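Asker: One structure, as structure tokens, below. Some questions next.
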Amino acid sequence: MPTFRILLAAAMLVLAGAVFAEIRIIPQDSGVKVRLRGISAVSTNVAWASGREGTVLRTIDGGKVWQAIKVPGAGELDFRDVEGFDADTAVVLSIGPGEASRVYRTEDAGKTWKLSLQNQDPRAFFDCMAFEGTNGWMLGDPVDGRFQIYASSDAGKNWRLQGSGPGAAQGEAAFAASGTCIAITGSGLIAVTGGSMARAHIKVSVDKVWSATSAAGLPSAESKGYFSVAVSASNVLLVGGDYKTETAPGIFAVVTEDGAHSLKQRLIEGAESREDIQIRTPVKQLVINSAEPITLRETPSPRGYRSGIACAQQPLPCVAVGPSGVDSWSENAWQPVSDVGYDAIDFAGNVGWLSGDAGRIARIEISE
């Protein structure tokens, strides 16, 4: 297919000067027509994608060629998340009630697959995964009033259901829209939700309890809430909206270490200590203390519902995607990038990929 470029000069203030980022979106030929909601950028050359009808794709040449891979027995599954470790190793997550929620793993570039986890509870529903090295976590919808959290310490070979996940309100759930409803914040985790409540659930370290923010001004709706979370050098970014009204302004919140969007809140779900606790991010430390729970206030919204957000290597901007377009975020402002819709995005440094409906896939490059 013809290749063209969409260029954007996005101004971003950094320290005392201004940095101009050029964002290039380069459409590629995935070779498939199904909706691709999972994307994982391993490096500038290696990436994995996943989607409906048991579809898994892999490139090892920067996206010039995408190889279609079949997972035996998975032809009717919808793979909403994929996490690639290298050119040969990846895990994919399928959604659905009961046994349709599964995790498969390959170590030989998709020649063979192992079913490493299959849900047996008809009430459960897998949503998304996040990995840091060989350590991974998976978020599932609430069962008996609590979200399910599975953990893996061996790159997805084996999974363990954790004893106590985040508490859930009636009608609260996670969205399996782009595989990015959970993220790792150094030694902790953050998961985002919607439905009856749009919240961020925070676990400051693996041995601490979960806490939760509240969200004011967000009318509850089964189709509305936070769909994706990304961790930048100093902030945690949440995007979402209403997937039934894709072009209506989305919702967006920034969790920082100070001001109105700080993480200062009481550990409200069975905390044993009221002493200050720190969340470690790649660069800075975010603090949770014994102050009253805060409200995640909405900041300027992206142009439409956004199902995925990812951050390029700082100080380059973060980018959010949705069915109605692509926007970049820097210095408290959104900049439109493209009106072409995508569902998911992931970066490896300043290079990444976007994936979406009808087999749509593109490479994204950001440079100063």
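Just so it is clear, none of the values below were taken in a lab; they were calculated from the coordinates. Worth saying up front: this structure is predicted, and the values here are computed from it rather than measured. Quick reminder, even Gly has a Cβ in these numbers, built from the backbone with ideal geometry, and neighbours come from all protein chains shown.
Asker: According to a simple spin-label model (label point 7 Å from Cα along Cα-to-Cβ), what is the distance in nm between Ser164 and Gln120?
Answerer: Once both label points are built, they end up 2.5 nm from each other.
Asker: Quick one: which of 145-152, 25-32 comes out on top by average Cβ neighbours within 10 Å, and what's the full order, highest first? Could the numbers behind the result be given before it?
Answerer: Numbers: 145-152: 19.8, 25-32: 18.2.
So the order, starting with the most tightly packed, is 145-152, 25-32.
Asker: Right, next: Could you pull out every one of the lysines with an alpha carbon less than 18 Å from that of Lys33, ignoring same-chain neighbours closer than 8 positions?
Answerer: Once the sequence-local lysines are set aside, what remains near Lys33 is Lys64, Lys70.
Asker: May I pose another question? Sorted from fewest to most neighbouring beta carbons within 10 Å, what does the list Val34, Val337 look like?
Answerer: With the sparsest Cβ surroundings first, the list reads Val34, Val337.
Asker: While we're looking at this one, here's another question. Amide H neighbours of Tyr243 under 5 Å, at least 5 residues apart or on other chains, H built in the peptide plane: list them.
Answerer: none
Asker: Still on this structure, please answer the following. Amide H of Ala248: which non-local residues (sequence gap of 5 or more, or other chain) have their own amide H closer than 5 Å, using H built in the peptide plane?
Answerer: Those lying under 5 Å, H to H, from Ala248 are Tyr305.
Asker: Given the Cα-Cα distance of Val143 and Ala100 and 0.36 nm per residue of separation, how much length would full extension add, in nm?
Answerer: Result for the pair: 13.9 nm of gain on full extension.
Asker: Then there's this: Please compute the modelled spin-label separation between Thr44 and Ala221, points set 7 Å along Cα→Cβ, answer in nm with one decimal.
Answerer: Between Ala221 and Thr44, the simple spin-label model gives 4.2 nm.
Asker: Separate question: Dipole magnitude of the range 132-244 about its Cα centre, charges +1 at Lys/Arg Cβ and -1 at Asp/Glu Cβ only, in debye to the nearest 20?
Answerer: Charge dipole, the range 132-244, about its Cα centre: 80 debye, nearest 20.
Asker: Right, next: Taking neighbour counts of Cβ atoms within 10 Å as a proxy for exposure, in what order, fewest first, do Val351, Val229, Val92, Val319 appear? Can you show the working numbers first?
Answerer: Details: Val351 21, Val229 26, Val92 33, Val319 30.
If I rank by nearby Cβ atoms, fewest first, I get Val351, Val229, Val319, Val92.
Asker: Would you list Cys181, Cys128, Cys311, Cys318 from fewest to most Cβ contacts within 10 Å?
Answerer: Cys311, Cys318, Cys128, Cys181
Asker: Among Phe131, Gln148, Tyr104, which residue has its Cα furthest toward the positive end of the charge dipole of the range 101-259, with +1 on Lys/Arg Cβ and -1 on Asp/Glu Cβ?
Answerer: Among Phe131, Gln148, Tyr104, the one farthest towards the positive end of the dipole of the range 101-259 is Tyr104.
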